[in-house]
Structures are given as structure tokens and as C-alpha cells.
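Notes to accompany the following structure.
Laboratory data are not the source of any read-out in this text; all were calculated from the coordinates shown. What you are looking at is a predicted structure, and each value in this text was computed from that prediction instead of being measured. A quick note on method: Cβ atoms are made from the backbone with ideal geometry, for glycine too, and the neighbour counts reach across all protein chains shown.
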Amino acid sequence: MAGKPRRRNPVPVSDLAAAILDPVLRRRAGISIGLVQSWEDIVGPRLAPVSRPEKIRWPRRLHEDDPFQPAALVIACSGAAALRIQHETGEIIQRVNAFLGFAAIGSIRIVQKPLAGVPEKPKPAFRPLSPAENERLAGKVAKIDDEGLRESLKRLGQTIVGSRDTKE
């Protein structure tokens, strides 16, 4: 039967990637790509950029008759986010369990490490100080005997004065 060739509708690349990656993630980390993709919806926009789910650690069952025990969700995060995640552990567990549809997670384990792909905030650029501003600042810290403290305070002053608008 020589008919027209069948046309296929375009498929989003994310669907194709999920079909390939999901079995690998389940086998290696015990985690689904759906959880990774929905991480921002689960933890919110404040924690999502600085954290990510790494794996789900299921407790070993010696026999099939052993009762179900919830797993531990391992979350990788930057050092500053660890305290926030620890503070919101109960809520994160509830949201992950709601996402999964059953009480799969009983605890969270936090692993602090730098996250690839997380953009660092650029350091602010300050305007250079005028010679008069530098002289005034040097005069204010000149009476400090400790050289290290004097230089630190001078740099702090340069940062503060440099961050101000010249119109003030």
C-alpha cells in the first residue's frame, strides 16, 4: 500500500531527553527527572538557584516483608543556602512527598558543594575617588596606630564613598 508518508508532530526536546535520562537517573540516583525539573516549584525561587536534588537514598530492606521506611533526600547546595534548607526541612519534605504522591521522603541530608551552572552575583563596581576624597579619607584614618587596621578602614571608606553618587 503506497500511501502518503505519515507526518509526525514535533516533539519537545525536553520530552525526548526525559525519556532517555529518566531511567538512568532512577538507576543511578534513585531520582526522577520530573523532580529535578520541578525543583523550583517545590522549593521556591529563593532556594532553587542555590540548591538541587542529588539523589534519594532508600534504606536497605533485608527481606521483602520488612515494613516500608521512607528515604533520605540528598540535596546539594552552596554553603550559604544550607542553613535556609535546614530551617525549611519539614516544608521541603512535605512538598517533595506531595509531588511524588506518597510519603517517600522522611529526612533530608544536606551536602555543601559548589553548584555548576549557578551564576555568581557580579561584584559591584565602584567609582574611583577623587584626589580630594582620598586625602580626606587618609586624614580620617591617619591617627590609627595599627597599620593593618588603618588600611582596612581606608578600603572600607573607599568602598562606601565610591558607592555614593557624586551628585550627593
(request) Provide the per-residue ³J(HN,Hα) series for the range 129-135, in order, calculated from phi with Karplus coefficients 6.51, -1.76, 1.60 and θ = phi - 60°, each as a whole number of Hz, with x at glycine and proline positions. (result) 7, 6, x, 5, 5, 5, 5
(request) Only Lys, Arg, Asp and Glu count, each charged at its Cβ (+1, +1, -1, -1), so figure out the dipole size of the range 36-168 about its Cα centre, rounded to 20 debye. (result) 320 debye
(request) Quickly work out the Ala98-to-Phe68 label distance, labels modelled 7 Å from Cα along the C-beta direction, and quote it in nm with one decimal. (result) 1.9 nm
(request) Please give the peptides 142-148, 93-99, 65-71 ranked by average Cβ packing (other Cβ atoms within 10 Å per residue), highest first, as a rough proxy for protection. (result) 93-99, 65-71, 142-148
(message) Once you order the gyration tensor axes a ≥ b ≥ c over the Cα atoms, which shape class does the range 34-154 get: rounded for a/c under 1.5, otherwise prolate or oblate by comparing a/b with b/c?
(response) prolate
(request) Report the one residue of Cys77, Trp58, Asn97 whose Cα lies farthest in the direction of the positive end of the charge dipole of the range 33-99 (charges on C-beta: Lys and Arg +1, Asp and Glu -1; origin at the Cα centre). (result) Cys77
(request) Counting other beta carbons within 10 Å of each Cβ, put Ser32, Ser130 in order, fewest first. (result) Ser130, Ser32
